[in-house]
Amino acid sequence: MITEQEQDAHYDPIAEQTMIADLREANEKLIAAAIRAQELADEAAAAMQRAEESESELRAVAEFREMFIGILGHDLRNPLMSIRMAAALLLRRGQLDEQNAETAARIIRGGQRMSRMITQLLDLTRARLGGGLPIEPKPTDLREVCRNVVEEFEATIQLEVDGDVTGTWDEDRLAEVLSNLAGNAIEYATPGTVVRVKARADGGEVVVEVSNQGDPIPPDVLPFIFEPFRRARQREKSARGNLGLGLYIAHQIVLSHGGTLDAHSADGTTAFVMRLPRPSPPA
Ligand SMILES: Nc1ncnc2c1ncn2[C@@H]1O[C@H](COP(=O)(O)OP(=O)(O)OP(=O)(O)O)[C@@H](O)[C@H]1O
Ligand SMILES: [Mg+2]
């Protein structure tokens, strides 16, 4: 791991363009890796079924998982961290003109998106090959979680909380669910319309609904929308740099809590409804 001081001493501002090209290339590689990861995950899942008969195949699946998690967690994260730190240093020095400062900011934003993709791929690998996502439940107030997530977005989100929405859940993981759902609602909403997050108590459960106005998810896609890499519209695959894992991971987290996540899309409104029992069963 490179320290900030080392970065400062060795960093050459002329390398900025090279860094952008590297980042772009790394991004393309990551997307190719994501597609390959899906193929490998499918192969591994099939292998896992066969492995019921063969112990050595089981071992091979475990080795693949360790290798894949190692590559994502370490080999891709470290160089990406160096790129982000170098760009942040450039900005912090305050010697860049407006145009170059915007370039450095783009590198940072690109790096953040790539970090998110790597985290998603790690979760995909854990969930597909490890049998669900582990959670660490503790007393949680969903009112706070909703408020924090809503505040993170620049877009306006209307938040309504009704009744006691406390329970025993994994706070960070639920923030991730809400962040994925609210992020989608903003991204796929018709511009100028309102995104809503409503949380309420419902007997032994807590219900959170995230809704927006916009192009609906077609009825033939809706039943499969929580599968990895699934898109409502074909064009979204190439137009946006997203992997298509947000809903899959959100769904896995809710399932780990013993809850349900359902999608509804009709009459110009798309809504995702999460129901969480309280307290959640032991992890
Ligand atoms: N609120 C929404 N309105 C309309 N379509 C939606 C909405 N939320 C999700 N979708 C559709 O479901 C697809 C899958 O969503 P998901 O969040 O899993 O992936 P993504 O947003 O494409 O990528 P990322 O992995 O960055 O989240 C989206 O590509 C989009 O087509
Ligand atoms: Mg998404």
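Nothing in this text is a laboratory measurement; each read-out follows from the coordinates by a stated rule. Small disclaimer: the values here were computed from a predicted structure and weren't measured. Using ideal geometry, Cβ is built from the backbone for each residue, glycine included, and neighbour counts are taken over all protein chains shown.
Need one number: nm distance between label points at ALA155 and ARG109, each 7 Å from Cα along Cα→Cβ, rounded to one decimal.
Spacing of the two 7 Å Cα→Cβ label points: 1.5 nm.
Relative contact order, percent, of the chain when contacts are C-alpha pairs under 8 Å separated by at least 6 residues?
Averaging sequence separation for qualifying contacts and normalising by length gives 16 percent for the chain.
Going by how many other beta carbons lie within 10 Å of each one, how would you line up TYR248, TYR188, fewest first?
TYR188, TYR248
How big is the antiparallel share of DSSP beta bridges in region 147-283, given as a percent to the nearest 5?
Bridges in region 147-283 are about 80 percent antiparallel.
With r as the distance between the Cβ atoms of ILE31 and MET81 and R0 = 30 Å, compute the FRET efficiency 1/(1 + (r/R0)^6) and round to 0.05.
Efficiency for this residue pair is about 0.95.
Taking R0 as 51 Å, what FRET efficiency do you get between GLN17 and ASP164 from their Cβ-Cβ distance, rounded to the nearest 0.05?
That pair, GLN17 with ASP164, gives E of 0.40.
With each pseudo-label sitting 7 Å past Cα toward Cβ, what's the ASP172-GLU66 distance in nm, one decimal?
Label at ASP172, label at GLU66, 2.4 nm between them.
With labels modelled as points extended 7 Å from the Cα through the Cβ direction, what inter-label distance (nm, one decimal) is found for GLU136 paired with ASN148?
It works out to 1.3 nm between the two label points.
Take each complete run of DSSP H in the chain, measure how far its Cα atoms stretch along the helix's own axis, and keep only those covering 18 Å or more with mean Kyte-Doolittle hydropathy at least 0.5; list them.
none
Specify the residue with the greatest mean-square fluctuation among GLN158, GLN234, GLN38, computed from a Gaussian network of the chain linking alpha-carbon atoms under 10 Å apart.
GLN234
Nearest 500 deg cm²/dmol is fine: what mean residue ellipticity at 222 nm does the chain get from its DSSP H runs of n ≥ 4 alone, each adding -39,500 (n - 2.57), divided by its residue count?
Helix contribution divided over all residues of the chain: -18000 deg cm²/dmol.
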